[in-house]
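The values are calculated or read from the model by the stated rules, or taken from the named source; none is laboratory data. These figures come from a predicted structure and were not determined experimentally. Positions of Cβ are backbone-derived with ideal geometry, glycine not excepted, and every protein chain shown enters the neighbour counts. Remember, those area values only see protein heavy atoms, side chains included, never the ligands or the DNA or RNA. Shrake-Rupley method; radii C 1.70, N 1.55, O 1.52, S 1.80 Å.
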Amino acid sequence: MSNPSTAEKAISYIFLILVGVLLASPFLYMISIALASDATTIKLAFTFVPREFEWSNFYTIFTNNNLGTYLENSVMITMFTIIGSVLSASVVSYGFARIQAKGSRFLFIVLLSTMMIPGEVTMVPQFIIFRHLDWINTFYPLIVPSFFAGAFNVFLIRQFVMSIPRSLDEAAMIDGMGHPGIYWKIIMPLTYPILAAIAIFSFSWNWGNFMGPLIYINDPEKMPLALGVQLLTTVSGGQLPPWNLVMIASLFLTIPMVLVYLLGQRYVYEANISGGSSGIK
């Protein structure tokens, strides 16, 4: 197969640049609105290229609109959900991959089948359970479920663990190590790439989670950033929302997810490869 010519390369690069600009235009427009003055916001006279640089908007949203509180709540919720998702899924997947028990394959298929249940089906039962536990208006409904391993995470980690030679386990057992030791000292270090991918997935889901906090959180002081952005758009008397401040909050909602993906995208690729490299055994 012949190498592409210079003209073909140039056309490809031009096309990719145009697509990149098209995909980045909403983000650039968000930055332009975030830096707009209050007068421009009232007139809705926004432009794609910033003509104003009102850096004081960042000070205003932190001092007058509780953005710091929203960020703190989001960091706390996201941090604990990542810990719960990674630990619980890794433990369960180790059991399915390494412990031979009667009916384990059937239970694994049952676990995978739960991914076909729409979230809307379990939404009301979950709310009733959490209400009886007196967890409404707390972080518990948003954090505790992550400590019960998700089926998708278990599947990815199990497939990764299945590719690790069992000879490592057998050598450890000869030295007198049990399953807890094998999991913590052998399997866990070898699965860091897939665990990093699970952490990225968990961060992306929980950092921008809106529906969960909307259902369970009522106190503005406990709202995460995603719900806080919606609260900023709530005005009365026919007034326009402060779109420049809303876009600043949206930047804080968007930029961390972009950075986390850019820094950890190779782990996501490895997760996709390992998850599809072998079937259910």
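I need the full set of residues from the stretch 238-255 which are of a type in the set (G, A, S) and open to solvent by less than 60 Å² (accessible area, probe 1.4 Å), in order please. Answer for the stretch 238-255, where residues must be of a type in the set (G, A, S) and open to solvent by less than 60 Å² (accessible area, probe 1.4 Å): A249, S250.
This table checks each residue for (1) modelled with pLDDT under 95; (2) in a helix (DSSP H, G or I); (3) within 30 Å of I33 (Cβ to Cβ); (4) touching a Cys at 6+ places or on another chain (Cβ under 6 Å).
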residue: I61; (1), (2), (3), (4): yes, yes, yes, no
residue: V92; (1), (2), (3), (4): yes, yes, no, no
residue: A97; (1), (2), (3), (4): yes, yes, no, no
residue: K102; (1), (2), (3), (4): yes, no, no, no
residue: L107; (1), (2), (3), (4): yes, yes, no, no
residue: M115; (1), (2), (3), (4): yes, yes, no, no
residue: E120; (1), (2), (3), (4): yes, yes, no, no
residue: F152; (1), (2), (3), (4): yes, yes, no, no
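Highlighted here are the helices (runs of 4 or more DSSP H) found entirely within the stretch 177-268 that include at least 1 residues which are under 21 Å from the mean Cα position of the chain (by Cα): 192-207, 211-216, 225-232. Of all residues in the stretch 154-167, those being part of a helix (DSSP H, G or I) and open to solvent by 50 Å² or more (accessible area, probe 1.4 Å) number 2. Applying the criterion of being in contact (Cβ under 8 Å) with a residue 12 or more places away in the chain and among the polar types (S, T, N, Q) to the residues of the stretch 1-54, the residue that is farthest from L232 (Cα to Cα) is S25. For the stretch 108-161, the set of residues classified as basic (K, R) and in contact (Cβ under 8 Å) with a residue 12 or more places away in the chain consists of R158 only. When you scan the stretch 134-147, do you find a residue that is loosely packed, with under 11 Cβ neighbours inside 10 Å and either closer than 30 Å to D219 by Cα or among the acidic types (D, E) (or both), even just one? Yes, the conditions are met somewhere in the stretch 134-147.
On the basis of being in a helix (DSSP H, G or I), farther than 11 Å from A89 by Cβ and open to solvent by 50 Å² or more (accessible area, probe 1.4 Å), does Q126 make the cut? First the steps, then the outcome.
On the way: in a helix (DSSP H, G or I): yes; farther than 11 Å from A89 by Cβ: yes; open to solvent by 50 Å² or more (accessible area, probe 1.4 Å): yes.
For Q126, the condition - in a helix (DSSP H, G or I), farther than 11 Å from A89 by Cβ and open to solvent by 50 Å² or more (accessible area, probe 1.4 Å) - is met.
In the condition set (1) at pLDDT 90 or above; (2) more than 24 Å from L195 (Cβ to Cβ), L111 is compliant with all but (2). For residues that are open to solvent by less than 100 Å² (accessible area, probe 1.4 Å) and among the aliphatic types (A, V, I, L, M), scanning just the stretch 263-276, find the one that is modelled with the lowest pLDDT. If we take residues in the stretch 263-276 being open to solvent by less than 100 Å² (accessible area, probe 1.4 Å) and among the aliphatic types (A, V, I, L, M), then A271 is modelled with the lowest pLDDT. Filtering the stretch 20-59 to residues that are open to solvent by 80 Å² or more (accessible area, probe 1.4 Å) and not in a helix (DSSP H, G or I) leaves L44, F48, V49, R51, F53, W55.
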